[in-house]
Amino acid sequence: MELALGAGKLEIFLLVDDVDKAYQDFKEKGVKFVAEPKDQSWGARAATIVDSDGNMFIIESFKCKVCGKSCQSYLELVEHMKEHKGC
């Protein structure tokens with residue numbers, strides 16, 4: 001099956017160090033979000049932009065709520081949280 005360009009079928013995840021800062025930077029440049037930064041069930045904090053073709057761009061970060069360390073993925077965050085066992 002071939003995906004036609006502009007079909008609004010893409011979801012692109014962009015990893016950033018700080019979703020809230022990226023959100024503010026984008027907002028100041030006029031980017032319109034369909035979802036503001038929010039903690040997600042999969043461990044990320046994310047905000048969503050949808051382009052005129054319906055493609056979704058999700059900016060997200062994985063940050064330890066105990067010490068503030070930024071992680072590159074949910075799995076890295078889970079491994080890192082083991083260091084805080086008992087906190």
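In table form, for the structure just shown:
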item: Helical contribution to [θ] at 222 nm, DSSP H n ≥ 4, -39,500 (n - 2.57), averaged over the chain, rounded to 500; result: -6000 deg cm²/dmol
item: Residue-wise HN-Hα coupling along the range 25-39, computed from phi with Karplus coefficients 6.51, -1.76, 1.60 (Hz; x: Gly, Pro); result: 4, 5, 4, 5, 8, x, 5, 9, 9, 9, 8, 6, x, 8, 5
item: Share, in percent, of DSSP beta bridges within the chain that are antiparallel, nearest 5; result: 70 percent
item: Cross-link table Lys65/Lys85; Lys21/Lys69; Lys21/Lys65; Lys32/Lys69; Lys38/Lys63, entries beyond 19 Å C-alpha to C-alpha; result: Lys32/Lys69
item: Listed peptides 56-64, 75-83 by packing density, highest first (mean Cβ within 10 Å); result: 56-64, 75-83
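No value in this document is a laboratory result; all are computed from the given coordinates. The shown structure was predicted, so the numbers you read here are calculated from the model rather than taken from an experiment. All Cβ positions, even for glycine, are placed from backbone atoms using ideal geometry, and neighbour counts span all protein chains on display.
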